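The values are calculated or read from the model by the stated rules, or taken from the named source; none is laboratory data. None of these values were measured; they are calculated from a predicted model. FYI the Cβ positions are ideal-geometry reconstructions off the backbone, even for glycines, and counts take in every protein chain you see.
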Amino acid sequence: MRRARVPAPIGLLAGLGLLLFLLPLAGLVIKAPWGQALAEFRDPTTLTALGLSMFCSLTATAIALILGIPLAVILARTRGPLRNVLRALTTLPMVLPPVVGGVSLLLAFGRRGLVGSYLYDAFGIQIPFTTAAAVMAETFVAMPFLVIAVEAGIRSLDHRYEEAARSLGAGYWTVFARVTLPLLRPAIFSGAVLCWARALGEFGATITFAGNFPGRTQTVPIAVYIALETQPQAAITLSLILLAISIAILVGMRDRWLGAL
């Protein structure tokens, strides 16, 4: 079958679009202080920020799995206008500016927030500017990626397996645990990886809701922003770490997660 020839203007525009992605990455790699990279990586501040980022992003992913899978089930098996409303609310953090998300979290869970005021007055619990706040901010912005991937997986399931299990007398929880979840394993894995990657790179909501406290809320993206003003070499090294992780995720997943979406 003969392929259609792409017009030159489309090829030119596509090339410009590709350069828009490649040039910033090339600048980061070429200008990187490779001779000092190892020393910068071993710096206690860098290791602390990296460790905190791993802890917060993995915790956020775990919370997203616990809350997001049931939410994806509801979205996939709800019909009518209610599903559209729920889906819009669930995916809103994907398009909402992260700083706005951080402000929203602050107004909800701050000391004078809708829920935060009760928690502080009744139990003395203050969430903002703590590690818990960083986890909440990352969960807020990252969980939609998992929900969408799992919802798409549920919609693509062959439900005859579930119906066969029910016809044999299996209850809802047995079917869900032994039939549905194993069939959803690829979608759950893909969604969890995307969720973790998004949580690892979260900046706006985190710095707004959790602040910048080294060892407590200063994750790698925040450390990059702070170091860029006084220690650009350290900022570039931290950026390279995030770039390497992102490339590893994309190469490892390849087109697998695209199929899940």
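For segment 124-148, the candidate set comprises residues that are part of a loop (DSSP other than H, G, I, E, B) and touching a residue at least 12 places away in the same chain (Cβ under 8 Å); within that set, the residue that is farthest from PHE203 (Cα to Cα) is GLN126. Among the residues making up segment 1-21, those that are hydrophobic (A, V, I, L, M, F, W, C) and surrounded by 10 or more Cβ atoms within 10 Å (Cβ to Cβ) are LEU12, LEU13, ALA14, LEU18, LEU19.
The listed residues are ALA39, ALA49, ALA60, and the only one of them that is more than 21 Å from the chain's Cα centre (by Cα) and either buried (at least 16 other Cβ atoms within 10 Å of the Cβ) or modelled with pLDDT under 90 (or both) turns out to be ALA39. As a summary of the residue check, ALA137 satisfies the conditions (1) of a type in the set (Gly, Ala, Ser); (2) out of contact with any Asp or Glu (no Cβ under 9 Å at 6 or more places or on another chain); (3) more than 30 Å from THR180 (Cβ to Cβ); (4) surrounded by 19 or more Cβ atoms within 10 Å (Cβ to Cβ) except for the one numbered (2).
Residues in segment 23-70 that are outside any helix (DSSP H, G or I) and touching a Leu at 6+ places or on another chain (Cβ under 8 Å): 1 in all.
Given the criterion closer than 23 Å to SER246 by Cα and in a helix (DSSP H, G or I), identify the matching residue among LEU20, LEU12. From the options LEU20, LEU12, the qualifying one is LEU20. Of all residues in segment 68-101, those satisfying the criterion of being under 14 Å from the mean Cα position of the chain (by Cα) and among the aliphatic types (A, V, I, L, M) are LEU92, MET94, VAL95, LEU96.
Is it the case that some residue within segment 217-224 is assigned to a helix (DSSP H, G or I), over 26 Å from ASN84 (Cα atoms), more than 15 Å from the chain's Cα centre (by Cα) and in contact (Cβ under 8 Å) with a residue 24 or more places away in the chain?
Yes: segment 217-224 contains one or more residues that are assigned to a helix (DSSP H, G or I), over 26 Å from ASN84 (Cα atoms), more than 15 Å from the chain's Cα centre (by Cα) and in contact (Cβ under 8 Å) with a residue 24 or more places away in the chain.
Any chance segment 102-117 includes a residue that's part of a loop (DSSP other than H, G, I, E, B) and buried (at least 17 other Cβ atoms within 10 Å of the Cβ)? Checking segment 102-117: at least one residue is part of a loop (DSSP other than H, G, I, E, B) and buried (at least 17 other Cβ atoms within 10 Å of the Cβ). Tell me which residues, restricted to segment 178-199, are of a type in the set (A, V, I, L, M) and within 25 Å of the chain's Cα centre (by Cα). LEU181, LEU183, LEU184, ALA187, ILE188, ALA192, VAL193, LEU194, ALA197, ALA199 - these are the residues of segment 178-199 that are of a type in the set (A, V, I, L, M) and within 25 Å of the chain's Cα centre (by Cα). In this entry, THR46 passes the filter for residues that are of a type in the set (Ser, Thr, Tyr) and under 23 Å from TRP196 (Cβ atoms). Set side by side, the residues PHE213, PHE189 differ, and just one is under 24 Å from LEU105 (Cβ atoms) and aromatic (Phe, Trp, Tyr), which is PHE213.
For GLU202, the criteria (1) assigned to a loop (DSSP other than H, G, I, E, B); (2) in contact with a Pro (Cβ under 6 Å, 6 or more places away or on another chain); (3) not β-branched (Val, Ile, Thr) hold in every case but one, which is (2).
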